[in-house]
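Trainee: Just dropping this structure here.
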Amino acid sequence: MRRTLSLLVENEPGALSRIAGLFSARGYNIESLTVAPTEDESLSRMTIVTRGSEEIIEQITKQLNKLIDVVRLLDLTEGRHIERELLLLKVRAQGADREEIKRLVDIFRGRIIDVDEETYTIELTGPGDKLDAFVDALPAAEIYEVVRSGVSGIARGDRALRL
Amino acid sequence: MELTGAQIVVQSLKDEGVDIVFGYPGGAALHIYDALYNQEGVRHILVRHEQGATHAADGYARATGKTGVVLVTSGPGVTNTITGIATAYMDSIPMVILTAQVPTSLIGDDAFQEVDTVGITRPCVKHNFLVRDVKDLALTIKKAFFIASSGRPGPVVVDIPKDVTAETTRYQYPKDVRIRSYAPGRKGHSKQISRAAKLLLSGKRPIIYTGGGIILSGATGVLAAVVEALGYPCTNTLMGLGGLPADHPRFLGMLGMHGTYEANMAMHGCDVMLAVGARFDDRVTGDLKKFSPNAQVIHVDIDPASIGKNVRVEVPIVGDAKVVLEQLLDAITKSKAPRDEESLSRWWAQIDEWRSRDSLGYVNSDEVIKPQFVIQKLHEVTQGEAFVTSDVGQHQMWAAQYYGFGGPRRWINSGGLGTMGFGLPSAIGVQLAYPEATVACVTGEASVMMCIQELSTCKQYDLPIKIVNLNNRYMGMVRQWQEFFYDRRYSHSYMDSLPDFVELATSFGHVGVRVEKPADVEGALREAVAAKENLFFLDFLTDQTENVYPMIAAGAGHNEMELKPSADGSAPAERELA
């Protein structure tokens, strides 16, 4: 079962290592983890994508809540929510490929953000499967570099994770 | 009041009500040690190795219920405390460990005696802090004591760089502290309490299974009241011994790997289980797939993460063991639900039949000292009122099985981590907390060697500890497993080149006595216990081949116990090991 957990944590040095350490010490899975400060400078917002049985997910949320640095935790997967990920990708774009790749970027509503004679650098946001589909659509041999941010998530409607 | 960081450390301890600190000085801690010089209020006990400091503080905490305090220097001072911190963490013991650190300007430079204390302790603490500004020092210490002693207790490390202890600031110790992400509740949810009471009263084959949480929360009185109100059988974990007096008619003894036959069979056969302050540890449950197959479980624990971790729970109740048991007692007393008295009396008849197997029976000898006999005599000589600390192995199990604890906080042992070397230093903490009490350290010749240097600390502070060394010249528990599961290949479990413990004790300034005959056991114990001034090191040469029974082999269920050695002396059937 894939779960997306959203956390507010104390913006302290060491908070990230406590959370990462918990996952490795107890053998839990991290598919992706993103973290950045929030509008309240004492807090960071973290999105963790993990996998496990119902019992494991329950343990993960309980163990996370036990950490003194974890202020709030919400399992986004329990309700309607939105997930987005940012992809930065560098691809060889020469000759006829140049037009073809540009069309593909338009179809996926991405943007070409840097160009030289040989390459395009592309920016694309969306749910993870859309990014997968875009990467799959490109000729694999031509891709120089793929940078993905990991998932950020937020609940739909008036459900919010705040103090 | 303007104070240096070092003075703030000492003053904060005083304002926190700390009377005793276990520690060892070193470079980064020198300002703090200077502030300890010539002051009254905080007594510093100088150990001989930092591991000893942590176990001593731990023993002090287990015996008194107060938070144990440790003070060490940076680097190796810290790394030597790790075993002791992990020991306290596994058994949920409140402890604050103040560690000195290299100056902030040097942190990260691989400075002399530098170690990443926050990083290296992180997996075995409840929480830890690095104090970078002297203005945060008093508040951080306050938080550390609050976190260590509330909710599910545990060790908290406060790492203090040397320059922070030199800087000055206005000092005021906070009266109380709020942490927005940490507010452990004590009361159980009322709806869950009534569900639990209903389920409990419907039991035909009920059992109450309790652990260290009863001791930590001071719930022994109300546990006895609940047991008596219900008339149900009760078993304790290793950590929970003393939770119900050993001679209570409803007590079935300890459960688990070396628990009694009646406790384990009742666990296996029960239909309703009330688990309080226990965490379904693997040494308790045996094979989870075979664990209490027909039980509906009510689990009371202050730590939500302990509930449902290993075993499916019907009624989870998060709260303090004492408070929740009081709520439950109230609900049970008020309930008019009819009980199935006929089934209950059949259940007790079954339990009595199991009891009659006398699973702790052993064959005594006139020739060679049986370890069980020494523990029984220790109970007799101390009238069951001693504080008993232990190390880890066979002697620990025999002390747990045969001493018979009448009350809480008398049985001091490393249950979760299983730390050899714990017994002697923890006895130091207990004896300092209760100078007049009899403190016995039940140990073995392998375990006691692991922190033997603390005999020197015992001399310095005149601690009349009674060391009961069950000396079988083997790492007994290792040897037992090798006998059962490795076809008697005793790989490195023989204790060669042992010291002469009598001379060793004497050279530290104590009294050493060797006891080789069963007839001399009682006299030696009486002499030692009567001596209020001296530490006695009683070196009992015990039966080398004695094993701990009964036993559930790893991978077996509660109903698959090995009760006694078979008639031809052969080991139990080979089993797959966990």
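The values are calculated or read from the model by the stated rules, or taken from the named source; none is laboratory data. The structure displayed is predicted, hence computed values, not measured ones. Every residue, glycine among them, receives a Cβ derived from its backbone with ideal geometry; neighbour counts consider all protein chains shown. Ligands, DNA and RNA are excluded from the accessible area calculation, which covers all protein heavy atoms including side chains. Shrake-Rupley method; radii C 1.70, N 1.55, O 1.52, S 1.80 Å.
Trainee: When the residues of the range A:12-37 are narrowed to those that are under 22 Å from A:Leu86 (Cβ atoms) and within 14 Å of chain B (Cβ to nearest Cβ), which ends up least open to solvent (accessible area, probe 1.4 Å)?
Mentor: Here the residue is A:Ile19.
Trainee: Would you mind listing the helices (runs of 4 or more DSSP H) fully within the range B:23-110 where at least 2 residues are open to solvent by 40 Å² or more (accessible area, probe 1.4 Å) and either within 27 Å of B:Leu216 (Cα to Cα) or not β-branched (Val, Ile, Thr) (or both)?
Mentor: Ranges flagged: B:30-36, B:82-90.
Trainee: Continuing with the same structure: Report, by residue number, each residue of the range B:111-140 that is in contact with a helix residue (DSSP H, G or I) (Cβ under 8 Å, 6 or more places away or on another chain) and either at positive phi or part of a loop (DSSP other than H, G, I, E, B) (or both).
Mentor: Within the range B:111-140, B:Phe112, B:Gln113, B:Glu114, B:Val115, B:Val125, B:Lys126, B:Val131, B:Arg132, B:Asp133 meet the criteria.
Trainee: What pairs come out if I take residues in the range A:108-125 that are farther than 13 Å from A:Leu89 by Cβ and pair them with residues that are not in a loop (DSSP other than H, G, I, E, B) whose C-beta lies under 9 Å away, six or more apart or interchain?
Mentor: Close Cβ pairs (under 9 Å, with a partner that is not in a loop (DSSP other than H, G, I, E, B)) amount to A:Arg109/A:Leu124; A:Arg109/A:Thr125; A:Arg109/A:Gly126; A:Val115/A:Thr121; A:Glu118/A:Arg92.
Every residue, every condition in (1) among the aromatic types (Phe, Trp, Tyr); (2) under 16 Å from the mean Cα position of the chain (by Cα); (3) farther than 29 Å from A:Phe134 by Cβ, yes or no:
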| site | (1), (2), (3) |
| --- | --- |
| A:Met1 | no, no, no |
| A:Tyr28 | yes, no, yes |
| A:Arg45 | no, yes, no |
| A:Leu64 | no, no, yes |
| A:Leu88 | no, yes, no |
| A:Asp97 | no, no, no |
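Trainee: Another question, then. Checking the structure you have, find out if any residue of the range B:497-518 is assigned to a loop (DSSP other than H, G, I, E, B), modelled with pLDDT under 95 and over 23 Å from B:Val548 (Cβ atoms).
Mentor: Yes: the range B:497-518 contains one or more residues that are assigned to a loop (DSSP other than H, G, I, E, B), modelled with pLDDT under 95 and over 23 Å from B:Val548 (Cβ atoms).
Trainee: Same structure again: Which residue pairs have Cβ atoms closer than 7 Å, lie 6 or more positions apart in sequence or on different chains, and pair a first residue in the range A:58-74 that is farther than 16 Å from A:Arg45 by Cβ with a second residue that is in a helix (DSSP H, G or I)?
Mentor: From the range A:58-74, the pairs are A:Gln59/B:Ala305; A:Lys62/B:Pro304; A:Lys62/B:Ala305; A:Gln63/A:Leu22; A:Gln63/B:Ala305; A:Lys66/B:Ala305; A:Ile68/B:Ile147.
Trainee: Could you tell me which of the residues A:Glu117, A:Glu123, A:Glu83, A:Glu142 is more than 30 Å from B:Lys143 (Cβ to Cβ) and open to solvent by 60 Å² or more (accessible area, probe 1.4 Å)?
Mentor: A:Glu117
Trainee: With the structure loaded, tell me whether A:Arg159 is assigned to a loop (DSSP other than H, G, I, E, B), over 17 Å from the mean Cα position of the chain (by Cα) and either on the phi > 0 side of the Ramachandran plot or of a type in the set (Gly, Ala, Ser) (or both) or whether it fails that test.
Mentor: Numbers: assigned to a loop (DSSP other than H, G, I, E, B): yes; over 17 Å from the mean Cα position of the chain (by Cα): yes; either on the phi > 0 side of the Ramachandran plot or of a type in the set (Gly, Ala, Ser) (or both): no.
Answer is no for this residue.
Trainee: Further question: For the range B:11-22, enumerate the residues that are within 19 Å of B:Asp163 (Cα to Cα) and buried (at least 24 other Cβ atoms within 10 Å of the Cβ).
Mentor: Residue satisfying the conditions is B:Ser12 alone.
Trainee: Right, something else. Pull out all pairs, ordered by first then second residue, where Cβ-Cβ is under 8 Å, the residues are six or more apart or on different chains, the first lies in the range B:440-454 and is under 14 Å from B:Ser414 (Cα atoms) and open to solvent by less than 10 Å² (accessible area, probe 1.4 Å), and the second is assigned to a strand (DSSP E or B) and among the small types (Gly, Ala, Ser).
Mentor: B:Cys441/B:Ser390; B:Val442/B:Ser390; B:Thr443/B:Ser390
Trainee: While we're on this one: Any idea which of B:Gly27, B:Gly59, B:Gly23, B:Gly75 is modelled with pLDDT of 95 or more and on the phi > 0 side of the Ramachandran plot?
Mentor: Numbers: B:Gly27 fails: on the phi > 0 side of the Ramachandran plot; B:Gly59 fails: on the phi > 0 side of the Ramachandran plot; B:Gly23 fails: on the phi > 0 side of the Ramachandran plot.
The match here is B:Gly75.
Trainee: If only one of B:Ala278, B:Ala263 is touching a residue at least 12 places away in the same chain (Cβ under 8 Å), away from every other protein chain (no Cβ under 14 Å) and in a helix (DSSP H, G or I), which one is it?
Mentor: On inspection, the qualifying residue turns out to be B:Ala263.
Trainee: Could you check, for the range B:247-257, whether at least one of its residues is under 13 Å from B:Leu325 (Cα atoms) and of a type outside the set (A, V, I, L, M)?
Mentor: The initial filter retains those residues of the range B:247-257 that are under 13 Å from B:Leu325 (Cα atoms), namely none.
Looking for residues that are under 13 Å from B:Leu325 (Cα atoms) and of a type outside the set (A, V, I, L, M), one finds none in the range B:247-257, hence no.
Trainee: Being touching a residue at least 60 places away in the same chain (Cβ under 8 Å) and touching a Phe, Trp or Tyr at 6+ places or on another chain (Cβ under 8 Å) is the filter here, so list the residues in the range B:108-139 that pass it.
Mentor: Within the range B:108-139, just B:Ala138 meets the criteria.
Trainee: Residue check, B:Arg339 against (1) away from chain A (no Cβ under 14 Å); (2) not in a loop (DSSP other than H, G, I, E, B), all met but one. Which one?
Mentor: (2) is the only condition that B:Arg339 fails.
Trainee: Looking at B:Asn471, B:Asn413, which is the one that is in contact with an Asp or Glu (Cβ under 6 Å, 6 or more places away or on another chain), touching a residue at least 60 places away in the same chain (Cβ under 8 Å) and crowded, with 24+ Cβ neighbours inside 10 Å?
Mentor: Criteria check complete, one pass: B:Asn471.
Trainee: Out of (1) within 14 Å of chain B (Cβ to nearest Cβ); (2) in contact (Cβ under 8 Å) with a residue 12 or more places away in the chain; (3) over 17 Å from A:Ile154 (Cβ atoms), what's the single condition that is false for A:Asp40?
Mentor: With (1) within 14 Å of chain B (Cβ to nearest Cβ); (2) in contact (Cβ under 8 Å) with a residue 12 or more places away in the chain; (3) over 17 Å from A:Ile154 (Cβ atoms) applied to A:Asp40, the lone miss is (3).
Trainee: Right, next: Looking at the structure I just gave you, is A:Glu78 exposed (fewer than 15 other Cβ atoms within 10 Å of the Cβ), within 14 Å of chain B (Cβ to nearest Cβ) and closer than 30 Å to B:Ile307 by Cα?
Mentor: no
Trainee: A:Lys66 - would you say it is outside the structural domain of A:Val147 (by TED's automatic domain parsing) and open to solvent by 60 Å² or more (accessible area, probe 1.4 Å)?
Mentor: Answer is yes for this residue.
Trainee: If you go through the range B:179-227, how many residues are among the polar types (S, T, N, Q) and within 14 Å of chain A (Cβ to nearest Cβ)?
Mentor: Result for the range B:179-227: 1.
Trainee: Looking at the range B:285-318, which of its residues are open to solvent by 60 Å² or more (accessible area, probe 1.4 Å) and more than 11 Å from chain A (Cβ to nearest Cβ)?
Mentor: Answer for the range B:285-318, where residues must be open to solvent by 60 Å² or more (accessible area, probe 1.4 Å) and more than 11 Å from chain A (Cβ to nearest Cβ): B:Leu288, B:Lys289, B:Lys290, B:Pro293, B:Asn294, B:Gln296, B:Glu314.
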